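Notes to accompany the following structure.
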Amino acid sequence: ALIWARMAENAHPHMQRRSNSGNPFFDMFARESKPLKPSAEACYENAIKLAPDRLDLYRALMSLYLDTDKVAKAKKIGAELIKRFPDHAETLETLGDLCMNTNAFNKGVSYFEKAIHVNPLDTMLREKLAQARLDLARKYAKDTQWEKARKQFELAQSAWSGSPMSLFCAWAAVEMQATNRARAAELIAQAESQPDARLACRYLLLS
């Protein structure tokens, strides 16, 4: 397994790129070496088969997929990693980020919640969870699922750090779409009660 892992490092696409020498004449004739066979992906897969309990092998393969923009494969190997190492907060956070980038908001929220359970003192994770719930609330609002949207806004507020003005404005906009004007007015008032927030609040409501 260690040999396969070393072969994977040698075959990594980044290892095949020649650096710029600074001399344009020599660089004009420089060529990237041909990709090694088997590929880095195949080498890591063989290493994992031989040593399925090595966390570093899963992480290396996931990193390779991310470097080569193979998001679906990165999510798949990340999910396999979590099955064996359910408390690996870094991978849980990475999977959460990937889900949010691909509009899989429900899964993103789930991964961030699990990451916070493992690492409850990480304030950045709480901020990501709050933003994920806000994005999920917007998705529910787009589908006119108003009650589900309100629930996510409430949960986002409980995890929100800093001024909640932008959260209140987004929530108010959804309530206006749901023709709940009284609740929208309450949320706008809460947003405008923040220090120096009146102009920014109007801008956010407009956008």
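Between LEU125, LEU121, LEU98, LEU92, the distinction of being hydrophobic (A, V, I, L, M, F, W, C) and not in a helix (DSSP H, G or I) belongs to LEU121 only. Scanning segment 175-201 for residues that are open to solvent by 60 Å² or more (accessible area, probe 1.4 Å), over 27 Å from ASP143 (Cβ atoms) and either at pLDDT 90 or above or outside any loop (DSSP other than H, G, I, E, B) (or both) yields ARG198, LEU199.
Scan segment 59-79 for residues that are assigned to a helix (DSSP H, G or I), touching a Pro at 6+ places or on another chain (Cβ under 9 Å) and not aliphatic (A, V, I, L, M) and the total you get is 1. Please work out if SER161 is at pLDDT below 95 and loosely packed, with under 14 Cβ neighbours inside 10 Å. Against the criterion (at pLDDT below 95 and loosely packed, with under 14 Cβ neighbours inside 10 Å), SER161 qualifies. Might you let me know whether segment 181-191 holds any residue that is farther than 28 Å from LEU81 by Cα and in contact (Cβ under 8 Å) with a residue 24 or more places away in the chain? The answer is yes, given that some residue of segment 181-191 is farther than 28 Å from LEU81 by Cα and in contact (Cβ under 8 Å) with a residue 24 or more places away in the chain. Cβ-Cβ distances below 8 Å connect the following pairs, each with a first residue in segment 120-143 that is more than 10 Å from TRP160 (Cα to Cα), a second residue that is acidic (Asp, Glu) and modelled with pLDDT of 95 or more, and a separation of six or more residues or different chains: LEU125/GLU93.
The values are calculated or read from the model by the stated rules, or taken from the named source; none is laboratory data. Treat the numbers as computed from the prediction; the structure is a model and nothing was measured. For neighbour counting, all protein chains shown are included, and Cβ atoms are generated from backbone atoms with ideal geometry for every residue, glycine included. With ligands, DNA and RNA removed, areas are computed over all heavy atoms of the protein, side chains included. Shrake-Rupley method; radii C 1.70, N 1.55, O 1.52, S 1.80 Å.
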